[in-house]
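Read-outs throughout are calculated quantities, based only on the coordinates presented, and are distinct from any laboratory measurement. Quantities reported herein were computed from a predicted structural model and do not represent experimental measurements. Neighbour counts are summed over all protein chains in view; Cβ atoms, including those assigned to glycine, are modelled from backbone coordinates with ideal geometry.
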Amino acid sequence: MNSRVDLLEGPIDSTLRKFALPLILSFVINMVYTWVDMYYVSRINTVSVAAAGVGEQILFFAFGLGIGFAVGTSIVVARRFGERDYEGATHTATQGFLLMFGFSMLITLLLYLTYPMILKLMNIEGETYTLAEKYLSAISWGMPFNFLIFQLNATVRSTGNSVFPMAILIFANILNIIISPFLIFGIGPFPRMEIFGAGLGTAIAEFIGFLVALILIQTGKSGLKLSFNDLKPDIKIIKRIVKLGIPASLQLLTISINRILISSITFSFGAEILTTYMLGLRMDLFVFMPIFAVGAAIEITTGQNLGAHKTDRVFKYYYSAIKQLSLLMAIFGVLVFFGGSLFAKIFTQDKQIIQNVAEYLRITAFSYIFFGIGIISVRVISGAGAYIRSLIIVAIILFFIQLPFAWGLSKHTFLDYNGIWVGILLSHISFALIGYLQMISGKWINVKV
């Protein structure tokens with residue numbers, strides 16, 4: 001699994017594909033991770049689908065509070081690798097892991113104590129509230145290990161090894177697929193736990209996946225070991241990680257808060273429209289996995305090549321990513337536009353919801369290429385260490401464009417709830433334009449990491 005790709009030499013297009021392909025598979029696998037629970041709970045009832053979707057939005061919010069530290073660690077490690085400072089990379093990786101360990105425990109405790117209040121703030125009521133509470137009470141036990149898996153995978157990935165994270169996610173996902181149905185449906189000696197069992201099965205898979213990842217790393221299987229000989233915190237390194245990590249976390253939090261607010265708007269039209277949004281968003285996110293994966297790859301190529309003083313390759317990787325992703329998103333857009341109802345039928349047999357999801361996807365399918373351009377643009381900027389700049393871009397798009405359009409078009413035009421989906425489309429078009437203009441400005445190039 002020590003399959004490191006040299007990102008500093010070689011042809012741009014093929015090197016990017018070689019590095020990004022395992023990342024794409026990793027991100028898709030991670031998406032399937034959430035689909036497993038959704039598929040199983042959809043066999044219980046439609047309300048469980050909405051409840052699991054709401055639970056995932058809250059988990060994403062909590063995840064965003066700390067995952068920036070993994071991003072901060074990976075940016076510094078990538079820069080050290082570009083500078084050929086391998087000892088500094090190992091030291092940074094170790095300090096980042098210790099920081100994440102402490103933070104993940106703290107944030108999990110806070111989530112466990114506050115998720116009932118969060119559900120009420122989202123205006124989630126009735127059976128949806130009860131089921132979402134059960135799901136969160138179970139899956140939160142695995143949250144620290146999910147944080148730590150992400151931390152380890154992000155660190156290894158920043159060295160140019162994208163195969164190891166893929167292997168770990170495949171292993172954890174297979175565990176979840178095997179374990180969850182026993183707990184959900186009460187197979188064999190296990191009691192029938194339904195949605196609680198879905199969360200518990202995922203938590204168990206995350207715990208085992210973390211243990212395997214850590215063991216493999218410390219036995220040299222990933223190409224980068226953590227050094228636990230000196231557990232004394234290095235304040236200088238931690239400050240550097242936090243400086244990069246806080247804007248990264250805030251960026252994820254803006255996305256999470258935006259989704260929670262969009263969920264609240266959709267729920268104002270009824271549980272049926274909330275379920276529509278959860279299923280439609282799930283399809284969108286599945287399509288976006290290659291975008292997120294190539295974005296993560298671009299972030300690392302940017303860090304390593306800036307460390308090696310090869311700025312020209314940063315721009316070449318950027319345009320290569322835009323070119324290859326746009327072609328892929330065009331194909332996906334056509335497939336989703338015409339096949340949205342087939343996707344919805346995987347999770348529900350409700351004809352009205354199937355029709356609603358198809359309408360949602362026929363609108364958002366036009367946004368895929370624009371979203372890809374926006375993500376790749378901000379990932380170059382953040383890979384250089386200018387995460388505050390990328391944070392501002394994302395916050396403007398989500399809070400000053402997407403939310404106002406979604407609210408206004410749905411509440412004050414003939415579009416009704418479809419106005420929410422149109423608002424999402426318009427925000428993605430704006431994202432592409434603003435991201436590209438900021439990228440070509442070059443103001444992010446000389447940031448010190």
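Considering amide H positions built from the backbone, and no H for Pro or chain starts, which residues 5 or more places from V5, or on another chain, come under 5 Å of its amide H?
N161, S162
Do you know the relative contact order of the range 50-139, to the nearest whole percent, from alpha carbon pairs under 8 angstrom that are 6+ apart?
On the way: 52 pairs, mean separation 39.5, N = 90.
The normalised contact order for the range 50-139 reaches 44 percent.
Using a cut-off of 14 Å between beta-carbons, work out the net charge of the residues near L21 (Lys and Arg +1, Asp and Glu -1, L21 not included).
Working: positive: R17, K18, R157; negative: D13.
That works out to +2.
Taking θ = phi - 60°, what integer Hz values does the Karplus form 6.51 cos²θ - 1.76 cosθ + 1.60 yield along the range 253-269, in sequence order, with x for Gly and Pro?
Result, ordered by residue: 5, 5, 5, 5, 4, 4, 5, 5, 5, 4, 4, 5, 4, 5, 5, 5, 9 Hz.
Any lysines with Cα under 21 Å of the K221 Cα? List them, leaving off those in the same chain fewer than 8 positions away.
K18
Give the relative contact order (percent, whole number) for the chain; include only Cα pairs under 8 Å separated by 6+ residues.
Over the chain, the number comes to 22 percent.
Just name one of P144, S158, A89: the one whose Cα is farthest towards the positive end of the charge dipole of the range 27-267 (beta-carbon charges, Lys/Arg +1, Asp/Glu -1).
A89
Name the most mobile residue of H428, H91, H412, meaning the one with the largest mean-square fluctuation, in a Gaussian network model of the chain with Cα contacts below 10 Å.
Judging by the Gaussian network model, the answer is H412.
Principal axes first, then extents: for the Cα atoms of the chain, list largest minus smallest coordinate on each axis, whole Å, largest first.
Reported extents, whole Å, longest axis first: 57, 52, 35.
Order these peptides, 77-84, 337-344, by their mean beta-carbon neighbour count within 10 angstrom, highest first.
77-84, 337-344
Looking at L59, Q352, M105, which one has the Cα that reaches farthest to the positive end of the dipole of the chain (charges on Cβ: Lys, Arg +1; Asp, Glu -1)?
M105
For the range 27-267, max minus min Cα coordinate along each principal axis, in Å, sorted largest first?
Taking max minus min along each principal axis of the Cα atoms, the range 27-267 gives 55, 39, 28 Å.
Which listed residue (T364, F337, I396) has the Cα farthest towards the positive end of the charge dipole for the range 270-449, taking +1 on Lys and Arg C-beta and -1 on Asp and Glu C-beta about the Cα centre?
I396
State the extension gain, in nm to one decimal, for the chain segment bounded by K225 and F366, taking 0.36 nm per residue of separation less the distance between their alpha-carbons.
46.4 nm
Between I235 and E83, what is the label-point separation in nm under the 7 Å Cα-to-beta-carbon projection?
2.1 nm
With a 10 Å radius around each residue's Cβ, average the other Cβ atoms per peptide and rank 370-383, 350-363, 129-142, highest first.
Most protected by this proxy first, the peptides run 370-383, 129-142, 350-363.
Sticking to Cα atoms, compute the Rg of the range 270-449 to one decimal and its Dmax as the biggest Cα-Cα distance, whole number, in Å.
17.8, 57
Among 8-20, 265-277, how do they line up by average Cβ neighbours within 10 Å per residue, starting with the highest?
In descending order of packing, they fall as 265-277, 8-20.
What is the local net charge at A308, summed over the other residues whose Cβ is closer than 10 Å to its Cβ (Lys, Arg +1; Asp, Glu -1)? It would help to have the intermediate numbers written out before the result.
Details: positive: R79, R84, K310, R313; negative: E9, E83.
Within the 10 Å Cβ shell, the charges total +2.
So for the range 270-449, averaging the separation of alpha carbon pairs under 8 Å that are six or more residues apart and normalising by length, what relative contact order in percent results?
Details: 236 pairs, mean separation 46.7, N = 180.
Reported as a whole number, the value is 26 percent.
Once you have the Cα-Cα distance between K443 and I331, take 0.36 nm times their residue separation minus that, and quote the gain in nm to one decimal.
Computed gain between K443 and I331 is 37.0 nm.
Full extension from M117 to N45: what is 0.36 nm times the residue separation minus their Cα-Cα distance, to one decimal in nm? Before the final figure, lay out each step's value.
Details: separation 72, 0.36 × 72 = 25.92 nm, distance 2.45 nm.
Full-extension gain reported as 23.5 nm.
Under a cut-off of 16 Å between alpha-carbon atoms, report the aspartates and glutamates in cross-link reach of K120, not counting same-chain residues fewer than 8 places apart.
The reachable aspartates and glutamates, counting only those whose Cα sits under 16 Å from K120, are E56, E133.
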